[in-house]
Amino acid sequence: MENKKLGIVLIAISLIVGGFFIYFINLLSKQALETGCLNNSGCFAIERGLSISHAAIGVFSFMLALGFYLLFFNKTEKAILKKLEDEKNKKIEDSKLEYILKALDPYEKKVIIAAKEQEGITQNTLRLRTDMSKAKLSYVLQELERRGIIKRIPKGKTLAVYLKI
């Protein structure tokens, strides 16, 4: 939102400054016509004033364009905020998992880590990844499901394991 405010301020300032410079150029042009300085080398001050005013018009145009860009086209602020929010959520999720892993035994840790790496992992694949027997894995999964850490959903002839945290 700050970019939009800055854009509005730049547009307002550039319009005020631009109006001032246009008035100044018109004033210098009138003086040049009244004194007949268009081809006279003695009117150096008026010509210098016109040259400076042309450079000021360039600055005015830049400020006006930058203001419109910030007001209508700049979307980086939203992208940065979204990225920061995603990183914050990921850190929160990782810290939750870290605290849960501290309270588990080594077998349960293996199962949780494997289930996090592959959401919906089947029990057969999980057994191969954790290098546990069917009986041990079944016992560990029952215990984790009882505690509300995982859920098992039927998938074909086996069960798929999902983390609930």
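Here are a few things to note about the model shown:
- Kyte-Doolittle at least 0.0, axis length at least 24 Å by Cα - qualifying DSSP helices, the chain: 2-35, 44-68
- Look at L137, L84 and count the other Cβ atoms within 10 Å of each Cβ; fewest to most, that gives L84, L137.
- Entry for Cα Rg over 2.2 N^0.38 Å (calculated from the structure that is shown) out of (1) 2.31; (2) 1.17; (3) 0.94: (1)
- Using a cut-off of 27 Å between Cα atoms, the listed pairs K4/K30; K5/K96; K88/K155; K96/K136; K4/K83; K110/K157 include K4/K30; K5/K96; K88/K155 as exceeding that distance.
- Under 14 Å from the Cα of K116 - aspartates and glutamates, other chains or at least 8 residues apart: E93, D94, E98, E108
Each reported figure results from applying straightforward, stated rules to the coordinates on display, with no laboratory input. Only a predicted model underlies this, so the values are computations on that prediction, with no experimental measurement involved. Note: ideal-geometry Cβ built from the backbone for every residue, glycine included; neighbour counts use all protein chains shown.
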